[in-house]
Amino acid sequence: MALTGLDIYKLLPKTNCKDCGFATCLAMAMALAQKKIPLDKCPHITAQAKDALESAAQPPIRLVSIGTGDAKFEVGNETVMFRHEQKFHNPTAIGILIEDSMSEEEISAAVSKINNLKFERVGQTIGANLICVKNSSGYRNKFMMAVSAVEAASKVAIALYSRDAESMQEAVKMCKDKRPLIICGDRTFPDNFISLARENKLPLAITCSGIDEAAEAVSKARAGGVEDILINLKSTGLSGRIQDYTYMRRLALKKNFRPLGYPIIAFTENADPELELSEAVSYMMKYAGIVVMKNMDKEFIFPLLVARQDIYQDPQKPVQVEPNIYKIGKVTKDSPVLVTTNFSITYFTVASEVESSKVPSYIICCDAEGMSVLTAWAADKFTAEKITEVLKKSGIEDMVAHRTLTIPGYVAVMSGKLEEISGWKISVGPREASGIINYLRNWKE
Amino acid sequence: MTVELIKEKYSGPINTVEIGKGALCPSIKIGGQSTFPFLFDEGEMPNPPVVAYEILDCPPEDWSEHIINAYGNVVKDPVKWAKACVEDFGARALCVRLASMHPDYGSRPIDEALVVLRAIASKTGVPLIVLGSGDEERDNDIMPKVSQALKGENCLLGVASQNNYKTLTATCLADGHSIIADSPIDVNIAKQVNILISDMGFDAKRIVMHPTTTSLGYGMEYVYSIMERSRLAAFVGDKMLAMPFIVFVGAETWKTKEAKEFGSVQGINWEVVTSTSLLQAGADLIVMRHPDAARSVRRYIDWIMTK
């Protein structure tokens, strides 16, 4: 939360000593508030004031990066409780759990499966982000074998999960240049995990059972010089976790409460794949920075990744469909031609009704900067001129033998002008997509 | 370290709507919460969300084969289908779409359709949500008769929209049913429809809102956010938005190619993920199509409602 000049002034020595180069402390405070100068310009500031000012300057939830190169991802830096208030910023990373109780062959097979969890959707490539190697066996040699197999083949970032600091140290040696996430499975949170993260400059996740314990562990890690922290909060029950994740986000955002101002890493608990999927969805909707799953089947991961795409969509930027001619059904040169805008919901609604009508049709999706029909018309993005241009340039005139264009009922007012400048006959369609089925069945050139 | 938590306490709880008469089979209650979903430390959520199984009053012509295969032959007979939902699949509520009277389905005469509907009601006894055929003109014609035929059953009838609410409101009022108020992803219109309906003397506490449903991958986030915005307004005291939400997840998800054109597991998961996402935004009544998806979501609700 940004402080005002006056807030900052209260924390300065108020001696007007001019050592900073400003005439008064207030003048320096104003410059600080505008981020024109660094805080260390004031040689007399107290450690307490410095802490307060520095924490105010930080984002309420720290941005933590894991992995390197193509495998790198970032979580944190969130600013709102509800996505409509602004947006959710850094999409929840999806991790897959690999336990070292598996055989080397099983692990290799799993890694290649995870590497292939990639999908193309609305122009984006989406996929899993992380493999979490867990020292479930309790044996160091098994953990090393698993980490080595994952490290050799993984195309995504790596997390190392153990309660044994010495095993962790060995594992970190094997892959520290890939910026793995260290997950301390020991609830007593020994100091050597902190020094390991600090010395290797790696992000560290702490495991704890409640908010109080989390705040304590985070404070300990920060005091030990680690700032890239994630919180693995194992509250009791699914609703308990959703409640605690909500409390954590709220404390970080509303009170700038530093000990909880870090992203959450959530591990699914349910072993039943169908419940595990819904559990993962819940954590994703309610504030987790990373969700680690046991299941890696694409029929489960794909919908989860699409849910992430949906919920992290910027509400200010409507999802757009690529402006184009879309063919619904087995179109011929005599099929009807409809025009609408490229706002995704508008297009999908129209397309779905056209499909239901079972009348093969062309839909021209006109570039209206992602606005719906009426909004686009009001903003001059969906006009007779624009539609004429699309009719002439899109190639539709070569695809159909007739020259009848259906426009949405809401823009009936443009039909005269459109007819005049395009040379097409204009047929006014229904106002709402729900009328399309009837309309198309009675359509005549 | 003891961390002082920030708890949100809201003044305006959501209305509780009861559906069904509770004679043969327990009625269902939805709504009544004073908190965002599942935050039991901050407020009450007295009624778990409910899954209603969607059926048609005639054999479905264009439903995904994944759903048809899951139900088997019973879909050819709406009464058997309804009974199977309740007896074999454990449905506690049914949503009957009166498709048979739609011109596309051959415009079955109302008297014939009512025989089927009455049989569904009497043979299952579970609370019913009844939707018109989807053809506005026909629905204004048939819904008063449908409503009358179900008088005393305390059903939830739909849908009333901004431009077409009078017939359904009057008939629900006369026969003691609750009503679904439909709005196109717009809080202001949602509120407007609720006001229009209650201005006809209809009890606002018997309205269930449909904020529009969109599938995962096809604008699910719009509905998610409109529900959250609407809830925020209700919680701080806007009584004309304090209605529980119904969403028709089955109908929307099974239109998508991701659900229809791949294996059944992905289709089921598409319906499940849309449902559980919208539950996190505050859905109270979810109408679903695939029985395996419905079962999965019911198990999820049982789990997350455990305190």
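Tabulated values for the structure
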{"quantity": "Among residues of region B:259-291, those that are more than 7 Å from chain A (Cβ to nearest Cβ) and buried (at least 20 other Cβ atoms within 10 Å of the Cβ), counted", "calculated": "18"}
{"quantity": "Count - residues of region B:252-307 that are of a type in the set (D, E, K, R) and under 26 Å from A:E269 (Cα atoms)", "calculated": "8"}
{"quantity": "Whichever residue in region B:222-267 is at pLDDT 95 or above and of a type in the set (D, E) and, among such residues, is farthest from A:K298 (Cα to Cα)", "calculated": "B:D238"}
{"quantity": "Selection count, region A:352-390, where residues are hydroxyl-bearing (S, T, Y), under 24 Å from A:K330 (Cα atoms) and either away from every other protein chain (no Cβ under 14 Å) or surrounded by fewer than 19 Cβ atoms within 10 Å (Cβ to Cβ) (or both)", "calculated": "4"}
{"quantity": "Verdict on A:R222 being farther than 17 Å from A:G289 by Cα, without any contact (Cβ under 8 Å) to a residue 60 or more places away in the chain, part of a loop (DSSP other than H, G, I, E, B) and in the same structural domain as A:V281 (by TED's automatic domain parsing)", "calculated": "no"}
{"quantity": "Close pairs (8 angstrom Cβ cut-off, 6 or more residues apart or separate chains): closer than 11 Å to A:R258 by Cα in region A:207-219, open to solvent by less than 50 Å² (accessible area, probe 1.4 Å) and of a type in the set (A, V, I, L, M) anywhere", "calculated": "A:A215/A:L260; A:A215/B:V3; A:V218/A:I206; A:V218/A:I229; A:V218/A:I231; A:V218/A:L260"}
{"quantity": "Number of the exception - A:A412 against (1) in contact with a strand residue (DSSP E or B) (Cβ under 8 Å, 6 or more places away or on another chain); (2) among the small types (G, A, S); (3) open to solvent by 10 Å² or more (accessible area, probe 1.4 Å); (4) more than 22 Å from A:K444 (Cα to Cα)", "calculated": "(4)"}
{"quantity": "Residue in region A:247-266 that is open to solvent by less than 10 Å² (accessible area, probe 1.4 Å), more than 19 Å from A:P91 (Cα to Cα) and either part of a loop (DSSP other than H, G, I, E, B) or of a type in the set (S, T, Y) (or both) present", "calculated": "yes"}
{"quantity": "Entirely in region A:10-125, the helices (runs of 4 or more DSSP H) that have 2 or more residues that are aliphatic (A, V, I, L, M) and within 26 Å of A:S167 (Cβ to Cβ)", "calculated": "A:104-115"}
{"quantity": "Candidate set from region A:424-445 (those that are modelled with pLDDT under 90 and among the polar types (S, T, N, Q)); member that is nearest to the chain's Cα centre (by Cα)", "calculated": "A:S434"}
{"quantity": "Cβ-Cβ under 6 Å pairs, at least 6 apart or on other chains, region A:102-121 side in the same structural domain as A:A71 (by TED's automatic domain parsing), far side of a type in the set (D, E, K, R) and not in a helix (DSSP H, G or I)", "calculated": "A:N115/A:K155"}
{"quantity": "Filter result for A:A280 (under 20 Å from the mean Cα position of the chain (by Cα), more than 13 Å from every other protein chain (Cβ to nearest Cβ) and more than 29 Å from A:W443 (Cβ to Cβ))", "calculated": "no"}
{"quantity": "Residue within region A:250-264 that is over 18 Å from B:S277 (Cα atoms), within 8 Å of another protein chain (Cβ to nearest Cβ) and either in contact (Cβ under 8 Å) with a residue 60 or more places away in the chain or of a type in the set (D, E) (or both) present", "calculated": "yes"}
{"quantity": "3 or more residues within 12 Å of the chain's Cα centre (by Cα) and buried (at least 24 other Cβ atoms within 10 Å of the Cβ): qualifying strands (runs of 3 or more DSSP E) within region B:13-57", "calculated": "B:50-56"}
{"quantity": "The lone exception for B:V297 - which of (1) more than 9 Å from chain A (Cβ to nearest Cβ); (2) open to solvent by less than 10 Å² (accessible area, probe 1.4 Å); (3) out of contact with any Gly (no Cβ under 9 Å at 6 or more places or on another chain) it fails", "calculated": "(1)"}
{"quantity": "Looking only at region B:82-120, and only at residues there that are within 14 Å of chain A (Cβ to nearest Cβ) and in a helix (DSSP H, G or I), the one that is surrounded by the fewest Cβ atoms within 10 Å (Cβ to Cβ)", "calculated": "B:P103"}
{"quantity": "Residues of region A:131-153 satisfying the condition of being part of a loop (DSSP other than H, G, I, E, B) and buried (at least 22 other Cβ atoms within 10 Å of the Cβ)", "calculated": "A:N135"}
{"quantity": "Top-ranked residue in region A:86-114 [being closer than 17 Å to A:L304 by Cβ and of a type in the set (S, T, N, Q); ranked as most open to solvent (accessible area, probe 1.4 Å)]", "calculated": "A:N90"}
{"quantity": "Residue that is farthest from the other protein chains (Cβ to nearest Cβ) [pool: residues in region B:244-257 that are open to solvent by less than 10 Å² (accessible area, probe 1.4 Å) and in a helix (DSSP H, G or I)]", "calculated": "B:G250"}
{"quantity": "Residue list for region B:196-243, filter: over 13 Å from B:A281 (Cβ atoms), in contact with a Gly (Cβ under 8 Å, 6 or more places away or on another chain) and either without any contact (Cβ under 8 Å) to a residue 60 or more places away in the chain or open to solvent by 10 Å² or more (accessible area, probe 1.4 Å) (or both)", "calculated": "B:H210, B:V236, B:G237, B:D238, B:K239"}
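The values are calculated or read from the model by the stated rules, or taken from the named source; none is laboratory data. In this text the structure is predicted, and so the values were computed from the model without any measurement. When we count neighbours, we look across all protein chains shown, and the Cβ atoms used for this are built from the backbone with ideal geometry, even at glycine. Heads up: the accessible areas ignore ligands, DNA and RNA and are worked out on the full protein's heavy atoms, side chains in. Shrake-Rupley method; radii C 1.70, N 1.55, O 1.52, S 1.80 Å.
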